[in-house]
1. Which of the following residues is in contact (Cβ under 8 Å) with a residue 12 or more places away in the chain, among the hydrophobic types (A, V, I, L, M, F, W, C) and in a loop (DSSP other than H, G, I, E, B): F309, F340?
2. I'm trying to understand the selection: among the residues of segment 475-516, which are surrounded by fewer than 16 Cβ atoms within 10 Å (Cβ to Cβ) and closer than 27 Å to S383 by Cβ?
3. Could you tell me whether A67 is open to solvent by 40 Å² or more (accessible area, probe 1.4 Å) and either modelled with pLDDT of 95 or more or not polar (S, T, N, Q) (or both)?
4. Write out, first by first residue and then by second, each pair whose Cβ atoms fall under 8 Å of each other, whose residues are 6+ apart or on separate chains, and whose first residue, in segment 7-27, is farther than 29 Å from T220 by Cβ while the second is in a strand (DSSP E or B) and open to solvent by less than 30 Å² (accessible area, probe 1.4 Å).
5. If the requirement is being surrounded by fewer than 19 Cβ atoms within 10 Å (Cβ to Cβ), basic (K, R) and out of contact with any Asp or Glu (no Cβ under 7 Å at 6 or more places or on another chain), which of these qualifies: K163, K189?
6. Just one of (1) at pLDDT below 95; (2) touching a helix residue (DSSP H, G or I) at 6+ places or on another chain (Cβ under 6 Å); (3) open to solvent by 10 Å² or more (accessible area, probe 1.4 Å) trips up L423, so point out which.
7. Which of the residues belonging to segment 405-416 are farther than 11 Å from K435 by Cβ and of a type outside the set (K, R)?
8. What number of residues within segment 422-450 are more than 23 Å from the chain's Cα centre (by Cα) and either in contact (Cβ under 8 Å) with a residue 40 or more places away in the chain or assigned to a helix (DSSP H, G or I) (or both)?
Amino acid sequence: MITVTNVGLQYGDRKLFEEVNIKFTPGNCYGLIGANGAGKSTFLKVLSGEIEPQSGDVHMKPGQRLAVLKQNHFEYEEEEVLNTVIMGHARLYEVMQEKDAIYMKEEFSDEDGIKAAELEGEFAELNGWEAESEAAILLKGLGISEELHTKKMADLTGGEKVKVLLAQALFGEPDVLLLDEPTNHLDLKAIEWLEEFLINFENTVIVVSHDRHFLNKVCTHIADLDFGKIQIYVGNYDFWYESSQLAQKLAQDANKKKEEKIKDLQNFIARFSANASKSKQATSRKKLLDKITLDDIRPSSRKYPYVHFTPEREVGNDLLTVDGITKTIDGVKVLNNVSFVMNKGDKIALVGSNEIAKTALFKILAGEMEPDSGTFKWGVTTSQAYFPKDNSEFFEGCDLNLVDWLRQYSPEDDSDTFLRGFLGRMLFSGEEVLKKASVLSGGEKVRCMLSKMMLSGANVLLLDEPTNHLDLESITAVNNGLINYKGSLIFSSHDHQFNETIANRIIELTEDGLVDKQMTYNEFLQEA
């Protein structure tokens with residue numbers, strides 16, 4: 001258990017949080033959410049002791065151990081992989097080092113013998129005899145092969161280092177586990193393994209993540225950082241999101257009787273309980289959901305951009321024909337005889353382990369790259385809008401303010417009022433629309449690119465990783481906008497829920513060509 005009492009922190013005039021009072025209890029997984037800049041990562045640092053709060057304190061029972069997912073991927077360059085994992089339990093590793101140092105002495109005194117015996121006892125109590133095998137199991141689960149276990153960290157790729165540091169945090173059954181974006185740079189199998197690990201983990205987990213599917217799968221509670229406070233809600237992310245929307249609706253229905261509001265709440269809870277999976281986390285949530293009262297759900301201050309793509313004309317039956325496209329980049333064949341026909345109503349998720357291959361196909365279809373061989377043809381009724389993974393060319397060195405930047409892509413001679421209103425719906429309010437395009441953050445650039453696409457009125461969309469750099473609110477808005485889109489689209493995303501809720505067809509790019517399936521993303525994964 002970890003107890004937070006009256007904790008407050010501010011930088012200058014800006015309060016991140018104040019008078020935070022929470023107990024994080026064993027057996028639960030808490031998803032810490034909040035708008036970008038709300039202070040989620042900072043709060044984790046307060047919990048870990050890396051940052052001292054200006055008021056209040058964080059308390060754990062004596063003897064309990066806290067583990068944190070390290071963010072410095074180069075901290076252990078000269079250490080062996082297996083040792084790096086075991087270092088996650090600092091006292092155990094210290095005992096191992098002390099013990100080894102005594103046994104390596106040429107002169108072994110009586111005092112050394114007594115000390116060695118004490119260390120051997122503590123080593124056994126800390127489950128030291130199982131340390132190497134436990135570390136190896138964690139590494140294997142995350143996809144680090146056995147031949148890498150004795151390599152130095154410096155010999156590993158960036159993605160492999162991330163996995164080792166995650167194994168380090170998970171090692172030794174810590175009493176409290178703090179994870180900041182643990183699914184970043186993980187492949188699908190590693191994410192699935194981590195989900196199962198956390199579902200079965202019996203101590204306390206507090207996690208920050210932009211992966212909604214991950215939060216839905218592992219979380220028993222959501223800790224919402226809002227209005228400078230942290231409120232704990234029972235349930236996963238979807239339950240929090242929909243309950244906050246329901247609370248907003250109920251608050252607006254001022255004339256509605258309390259009995260009717262209670263009935264709405266009961267129906268809402270019943271629907272979520274019925275959809276619960278059979279996992280231990282879901283069972284735990286269901287018991288707690290039944291105890292929720294009307295006062296437990298509150299409207300959120302969160303703002304969601306308005307993402308709505310409206311095709312100017314209906315597309316015909318002839319959309320896109322791709323025939324034998326092949327492309328080699330830097331001596332590596334990334335596209336090999338790719339052929340498919342896109343049909344009306346298709347919402348295609350482009351998947352595969354080779355990111356360069358997916359981006360190359362998008363660029364070819366958007367007319368920004370030539371294939372080495374093969375052809376593609378767009379239907380005469382189609383109009384396309386393209387969202388590139390790298391949007392830097394649209395913003396670097398651009399001195400235009402956001403109104404004038406967007407005006408470049410408006411098919412009509414739209415007024416300042418119209419463009420300001422459009423940007424306002426994308427959360428650029430007031431004087432923010434006069435910012436230079438060149439100084440925008442990653443998330444702001446994405447919202448501008450989406451605005452550009454919405455103004456185009458295209459009936460076919462090409463989107464290469466549109467969720468990169470976005471917060472949970474913007475990801476949810478884009479997700480819903482593409483679900484409701486009446487045109488056709490091809491997209492790539494690492495967001496599981498994005499893929500599952502939008503796509504009705506999956507195209508996987510492989511070294512030998514492609515695998516084309518008319519099915520949902522989850523059905524595709526089950527077949528794989």
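1. Values: F340 fails: in a loop (DSSP other than H, G, I, E, B).
After applying the criteria, what remains is F309.
2. The answer is N480, I483, N484, K486, N504, D516.
3. Details: open to solvent by 40 Å² or more (accessible area, probe 1.4 Å): no; either modelled with pLDDT of 95 or more or not polar (S, T, N, Q) (or both): yes.
No.
4. Taking only residues 6 or more apart or on different chains, the pairs are Q10/L16.
5. Of K163, K189, the one residue that is surrounded by fewer than 19 Cβ atoms within 10 Å (Cβ to Cβ), basic (K, R) and out of contact with any Asp or Glu (no Cβ under 7 Å at 6 or more places or on another chain) is K189.
6. Unmet condition: (3).
7. Answer for segment 405-416, where residues must be farther than 11 Å from K435 by Cβ and of a type outside the set (K, R): L406, Q408, Y409, S410, P411, E412, D413, D414, S415, D416.
8. Counting residues in segment 422-450 that are more than 23 Å from the chain's Cα centre (by Cα) and either in contact (Cβ under 8 Å) with a residue 40 or more places away in the chain or assigned to a helix (DSSP H, G or I) (or both) gives 12.
The values are calculated or read from the model by the stated rules, or taken from the named source; none is laboratory data. Quick caveat, the model's predicted, so the values are computed rather than measured. Backbone-built Cβ (ideal geometry, glycine too); neighbour counts: all protein chains shown. Note: areas computed on protein heavy atoms with side chains; ligands, DNA, RNA excluded. Shrake-Rupley method; radii C 1.70, N 1.55, O 1.52, S 1.80 Å.
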